[in-house]
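As structure tokens, the structure follows; a few thoughts come after it.
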Amino acid sequence: MLREPRNGERGGARIKAFLALVILIAFIFSAIKIVPALVNNYELQDSLQEEATFAAVNRKTDDQVRDDVQKKLDSLGIQASPKAIQISNVSGQLTISVDYTIPIDLKVYQFQLHFHPQANNTSI
């Protein structure tokens, strides 16, 4: 029995495997750049909620709350000016919000992630 040559199929699987590997590497590289910023934002949101909840109980002033939030920003490596921290304390209802942007450089594409975490003490 003679086999017919398969010249049209030669190397096709290698190209598909190579493209799949390139896409996988690009996905992992992007995730390494983006996920830490998302995790830091989540940690900041949690910290803001905790700060807002206990600030009234601990009788903290707005400046003390602002200092605590700035310390958390510094510990997370988030570059935000003190003006980006907004604190509103109206008749016992404290609201804390921070507005900041993180630049992401993926070597071939640069963009900025904009975050605006906010917390208040209405859960008390």
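Taking the C-alpha atoms only, the angle from helix 12-55 to the longest principal axis of the chain is near 10 degrees. With a Förster radius of 22 Å applied to the beta-carbon distance between Ile34 and Lys71, the computed FRET efficiency rounds to 0.30.
Of Ala52, Ala84, Asn120, which is farthest towards the positive pole of the chain's charge dipole, taken about the Cα centre with +1 and -1 on the beta-carbons of Lys, Arg and Asp, Glu respectively? Going by the charge dipole, the pick is Ala84. Based on Cα contacts under 8 Å between residues 6+ apart, the range 8-120 shows a relative contact order of 25 percent. The long axis of helix 62-76 is offset from the longest Cα principal axis of the chain by roughly 20 degrees.
For Phe115, the shell of other residues with beta-carbons less than 13 Å away shows a net charge of -2, using +1 for Lys and Arg and -1 for Asp and Glu.
Bridgeable lysines around Lys33 (alpha carbons under 27 Å apart, same-chain partners fewer than 8 residues away excluded): Lys16, Lys71, Lys72, Lys83, Lys107.
Treating each Cα of the range 60-124 as one equal point scatterer and applying the Debye formula with no solvent, the log10 of I(q)/I(0) at q = 0.27 Å⁻¹ comes out as -1.21. Helical runs assigned H by DSSP (4 residues or longer) give the chain a calculated mean residue ellipticity at 222 nm of -17000 deg cm²/dmol, each run adding -39500 (n - 2.57) before division by the residue total. The candidate values were (1) 35; (2) 53; (3) 25; the one computed from these coordinates for percent of Cα pairs over 22 Å apart carries the label (2). The label-point distance for Ala17 and Asn120, in a model that sets each label 7 Å from Cα toward Cβ, rounds to 5.8 nm.
Here, each number is a calculation from the coordinates, and none is a lab measurement. Computed from a predicted structure; not experimentally measured. Every residue, glycine as well, gets a Cβ built from its backbone with ideal geometry; the counts of neighbours run over all protein chains shown.
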